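A short write-up of the structure that comes next.
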Amino acid sequence: MWNFEQGEILAFDKPLHWTSFDVVAKVRYNLCRKLGKKKLKVGHSGTLDPLATGIVIVCTGKKTKLIESLQYDVKEYVATLQLGATTPSYDLEKEVDATYPTAHITRELIDKTIPEFIGEQWQTPPAFSACWVNGKRAYELARKGEEVNLKPKLLVIDEIEVLDFDESLKQLTIRVVCSKGTYIRALARDIGERLQSGAHLIALRRTRVGDTRVEDCMKIENFLEQLNKYELKNCLNEEK
């Protein structure tokens, strides 16, 4: 039986175009309304970009104290990269700003290059990211056209493998298992550069966080249905 004030850890499959905060806001609003509360602590562990789908971990009540530790769980992603072109945001948020040769990129070159990213890596976060710069989020400055200079961060990529390469479209799909703080958009940028071309992210799905897999996560609409049934059950018990 759920006890949202004592605390629950909920795993959601975030829809495309939703922010992680959208998920939190939806959960908080419906919990407060259904439980008759004005306030309830609700937070998420690990931000997921609006153009990505997959796992967002949401904590309620006293379990929000676990958010910081949960952020250190290893994460797995499936990402599709468009080779030969870059965007300022390293994904589809912004339009292509430059194109590069791709005729030299073969499956053999990719299979040789991708394993080079396993292990410790220094990665410069995207300007369009949630990193703090002088008290503001980097993306807030970047969207205003202001210059954003972020320092490289040390991270770890435990696994990376090629799932598919469409040579005609020059689209590469990879699976990545990595540490906290890894930006898959920045990884796409770095892979493009390592291939002596360019690249940006065209699809991203977070498929695992710690031991939680995306196939075991709830859809937002399913959670709301369960919440209604849960409350109805309590009302029936009280009437008896």
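Only the coordinates and a few stated rules stand behind these numbers; no lab work does. Since we're looking at a predicted model, the values are computed, not measured. Using ideal geometry, Cβ is built from the backbone for each residue, glycine included, and neighbour counts are taken over all protein chains shown.
Data for the structure
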item: Rg over Rh, two decimals, the stretch 75-209 (C-alpha only, Kirkwood Rh); result: 0.96
item: Student exercise, the chain dipole from Lys, Arg, Asp, Glu Cβ charges, in Debye to nearest 20; result: 1300 debye
item: Share of pairwise Cα separations in the chain, more than 24 Å, in percent; result: 51 percent
item: Dipole axis of the stretch 42-164 (+1 Lys, Arg; -1 Asp, Glu on Cβ), positive-most option in 114, 54, 69; result: 69
item: Most fluctuating residue given options 199, 142, 127, as computed from a GNM of the chain linking Cα atoms under 10 Å; result: 142
item: Ranked list, fewest to most other Cβ atoms within 10 Å of each Cβ, for 117, 4; result: 117, 4
item: Potential lengthening between residue 194 and residue 95 on full extension [0.36 nm per residue; Cα-Cα distance subtracted]; result: 33.5 nm
item: The chain: relative contact order in percent, alpha carbon pairs under 8 Å with at least 6 residues between; result: 26 percent
item: Likely footprinting exposure, 104, 200, fewest C-beta neighbours within 10 Å first; result: 104, 200
item: 38, 144, 219 arranged by Cβ crowding within 10 Å, fewest neighbours leading; result: 38, 144, 219
item: Convex hull (Cα only) mean projected area of the stretch 1-124, reported in nm² to one decimal; result: 10.6 nm²
item: Sorted peptide list for 147-155, 82-90, 63-71, criterion being average Cβ within 10 angstrom, highest first; result: 82-90, 63-71, 147-155
item: Debye intensity ratio in log₁₀ form over the Cα atoms of the stretch 135-227, taken at each q of 0.11, 0.15, 0.16, 0.20 Å⁻¹; result: -0.50, -0.86, -0.94, -1.15
item: In the stretch 75-209, lysine pairs with alpha-carbon atoms under 30 angstrom apart (chain gap of 8 or more, or interchain); result: 28
item: Calculated [θ] (222 nm, deg cm²/dmol) that DSSP helices of n ≥ 4 give over the chain, each run adding -39,500 (n - 2.57); result: -8000 deg cm²/dmol
item: The chain: most fluctuating residue of 175, 205, 194 per GNM, C-alpha cutoff 10 Å; result: 194
item: Normalised per residue, the volume of the convex hull around the Cα set of the stretch 138-191 (Å³); result: 107 Å³
